[in-house]
Each structure stands twice: as structure tokens, then as C-alpha cells.
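Mind having a look at this structure? Questions to follow.
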């Protein structure tokens, strides 16, 4: 195993807002609190310890004890749950949807980033305890985003009709999915483990929340991972004051809207708030709460409430009020003694819209950390890269750029068109100085001629490159095949592949290699040769 790190920006797959956040650019600094450094964590720990109530800790542990009933709880996870009662215990959290069989590979990276950061902070702050948490997005309702995963280039799909929160979906129909998936796996020892994991999760558990808990617990219980389901009456009761504030004052809409006005001057906005950022949740539906003419209406239903009625409903039935993407981060931070949220680029981007909202409701804004991102390269793939003289950084070039670069490097014809264009520009610069002393029309003629000459050279460069690509067709095809294999659909493989492909090849070593390799606070992209 060999581990290499390169800057996130060198991959070309990360947004401007993420690159600026990592570089601590001035334009992004107003939108976060403490930065993910040891000093930042020291300050965050002090702040959270002063603000988090013992009552909230006891409610959390009570909910977790109930949620884990019927599951095999490791000694380390049980200890971590018990530790959450103590004032010196904190969490590092990641959240994710209930994707079928963990969905894209980066789910695994999120969890391991969270576990590794917790362990590092426990070493740095021995008088504190830090627990890794996976917050299951059980209240999401976009089933089409989670009802499949990719295995060896094929989609494994679960066709299921249901409504409401995905965590409550029954696992009916997954026996058929299991049979299809099993045929693709083969009969190796690693394949049999994957079959057992899938079967025990989806066939032996009644809903998607329980099935997902089972899988995450089986894969990571030895590291003490604690799994939280927010679709819980006890936890919603803790969040009730913020539900009431949203209904009465629309605080999230006001604060996030003001932040967006400033943030959008430099960055793309990830999500836009609604006037009320809550859903009304029933067994088979999760619909927006809309405020119109003094009435609170549940979208796509005939249900309406007056202000007094909806506040009474929230008090009597807090489980029915489900935070959307704007309010879910606040829900997590109210429920958990959390100091850091670990997420992907898109997640961190929308968290950066929320700082003012957190400040308004007097909840500490957590440290935000971009999760580890990984490119797996097998020994065979590395051998091909070496033969083609492609470096790790070059691997992430756009395919047309990579092909052009390697074809030119491999060509017997050595003509540096860039140098010739630069020389041409210098010659025209002299002509422009002369033209300025004559007439405006002559300046225009010189500029037009410069554009024409440069365009001519660029066209010659394209024609030569096209001819060389045709002459070096074998090289071109080998490069295409290798890059497409490593970066399927010209994107990071972690978004396209499922962990099962790698577990099939490497077994438990895959998890242990990742555990050993991922360094969350290095803030770099990881290339792992195994």
C-alpha cells in the first residue's frame, strides 16, 4: 500500500467555494466560525461545553438506547453512548442518505473520516472524549436518489412504491434485488460476506432505517461509531422550541436570505430557503408547510391550521414536524454535543449559508470539514500509468488535455506552438507601439492582423495534433481506456462505484487500508495504491 496526497484543487473536481474555504480566503471567512485546526477545535470544545445542557445529553442517550434495541452493539459503541452523558464528551458527525447498500463509495470515506478525526482529537485533548456519529437522513423523501447502487458498471435497482420519510419505507421487494445482486457477486469468501450483509440488512429488518443502521453498524462498530436516527419523538421534543420559532418568526428564512445576498457576490448558492423550512410528516407523506393569508396549509393535502392550532399540534405531536435541508443542520447541533460536521463539497457549501441563523438562535456553529476524498489505484492500473508516463496529477486532466499532452510528448515532431504564438505576440507588440503614433485605424488593422495570424497558428496546431492522434491511435486508445476505468464517466470514482466492488477484491483489508490512510486534517485529496 502506498499513500499520496495532492491538493484538492489539482483534481479539477472541487468548487471555488471549497477551494477558497480550504485556503481560508478572506471572501469566505465571514461565513464560518472556527477553522478545522487544533486551535480551532480547542476553541470549539470550550464553547460547546458551556452551552450544551445535561438534559439534552440524557435525552440523546435515552433515544439511542431505544434505537439500538435488537442490534448487536459493540463494547466500544456501548461505551461511547454511555460517555455521551458526561459534560466532557463531544461528537464529530457526518450525515448521509439511506442509499441502497451504502450507495456511492464516498459514504465509506465520510464515515472513516469521522472516525479518524475523533481518534485524533482524543489524542490531542486527553481530558475530553470525542465520539464519531453517523446521522442517518431517515426523514428525506426523495426515493429516486437512494433506490439504487452501481456494481461493476451496472445499476442494481429497487423498484418500490411508497411515500413519506424514506427511513419508514418497508423493505418489501428487496429479496428480488438480493437475488439479482447475488448472481453478479460470484462465490468467493468476500462475495459470501457481502451476500450475508445484504441479506441480513434488508430481508431481516422491516424498514430502511433499521436496514441501514445494521449495515453501518456491522461495518464500523469495532471503531465505536454511534448511529443516530433523527426521526424520533424524544429528539424532536428537544427541538420543539426551534420548531415553534420557525412557525412564529420564520427566523431561518430571514437570516439565510440575508446571508445569501452577501455570499452570492462571490459564490454559487447551494440551496435557497423557503418561508417555512419544515415539512409535515405522516406515515405515507412528507409535505411542505406553507403559510398563506394567516393560514398554515400542508401542501398537496386538505389539512390546514391556524397559528394556535399548528403550535398546539407541534406540542402534542413533535414527530410530525420534519426539518428540511436548511433546518436539519440546526436540529443536529441542538441534539448532539457536536463540535464538527464532516461533509462533501455540496454539503459544506450549504452549511456556509447558515452561520448567521445559528447565531440568531444562540446555537454554536460547528467546525466544517471537507471529508476525505480518495482515488483507488490497483497495482495493475499503476503499472499501466507508469508505462504511459502519466503522473497522478496528470490523471485528473480533462481527457482532451491529457491526450494532447501525451501525444505531443510522444511525437517525433517537436514544434512548440505556444512559444511561436508568444513570439508572434511580441512582434505585434512592437507594431502596436508604432501604430499608436500614426492613426487609430492603423491600430485596428494591426490588432486584426494579430488575431488572424494567431488564429492561423492555432488552427495549424489543431491540425497537427489531430494528425498525430490518428498516427498514435494505439496510445490514444490505451490512455482513454485507462482514464475511463479510473474516472468512470469522467468523474471521481467515489461518486460512481459502490464499496462492494472493492470489498470483493480486498475484503476487510479495504476498510483497514482506508482507516490507516485517511488523514482528515491534512485537507488534501488522497491517492491510495493497493
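Between the stretch 1-75 and the stretch 172-212, what is the C-alpha centre distance in whole Å?
So the two Cα centres are separated by 32 Å.
Full extension from residue 309 to residue 258: what is 0.36 nm times the residue separation minus their Cα-Cα distance, to one decimal in nm?
15.4 nm
How large is Rg/Rh for the stretch 384-521, to two decimals, with Cα atoms and a Kirkwood Rh?
1.22
For Kirkwood radius over Cα pairs in Å, pick the label among (1) 26.1; (2) 26.8; (3) 23.5 that corresponds to the value derived from the coordinates.
Label (1) holds the value from this structure.
Any idea how far the Cα center of the stretch 346-381 sits from the one of the stretch 500-530, in Å?
20 Å
From the helices alone, meaning DSSP H stretches of at least four residues, give me the mean residue ellipticity at 222 nm for the chain, per-run term -39500 (n - 2.57), in deg cm²/dmol to the nearest 500.
So the calculated ellipticity at 222 nm is -16000 deg cm²/dmol.
Round to the nearest 10 and give me the degree value, 0 to 90, for the angle of helix 38-51's Cα axis relative to the longest principal axis of the chain.
Taking the Cα atoms of the chain, the angle to 38-51 is about 20 degrees.
At R0 = 56 Å, how high is the FRET efficiency between residue 411 and residue 434 if r is their beta carbon distance? Nearest 0.05 is fine.
Calculated value: 0.90.
Please list 182-190, 209-217, 361-369 highest first by mean number of surrounding beta-carbon atoms within 10 Å per residue.
Result, highest mean first: 209-217, 361-369, 182-190.
Which order do the peptides 257-268, 348-359 take when ranked by the mean count of other beta-carbon atoms within 10 Å per residue, highest first?
Those peptides, ordered most packed to least, come out 348-359, 257-268.
Okay, moving on. Order the peptides 501-508, 33-40, 338-345 from the highest to the lowest mean number of other Cβ atoms within 10 Å of their residues.
Result, highest mean first: 338-345, 501-508, 33-40.
What do you get for the angle between helix 54-67 and the principal long axis of the chain? Use alpha-carbon atoms, 0 to 90 degrees, nearest ten.
Its long axis makes an angle of about 90 degrees.
With 10 angstrom as the radius, rank 18, 327 by how many other C-beta atoms surround their C-beta, starting from the fewest.
By the 10 Å Cβ count, ascending, the order reads 18, 327.
Going by alpha carbons, how many degrees (0 to 90, nearest 10) lie between the helix axis of 440-471 and the longest principal axis of the chain?
The answer is roughly 80 degrees.
Another question about this same structure. Fewest first, what order do 142, 231, 10 take by the number of other Cβ atoms within 10 Å?
142, 10, 231
Could you line up 513, 96 from fewest to most neighbouring Cβ atoms inside 10 Å?
513, 96
Each value in this text was obtained by applying a stated rule to the coordinates, not by laboratory testing. Just so it is clear, the structure is predicted and the values come from calculations on it, not from any experiment. Quick reminder, even Gly has a Cβ in these numbers, built from the backbone with ideal geometry, and neighbours come from all protein chains shown.
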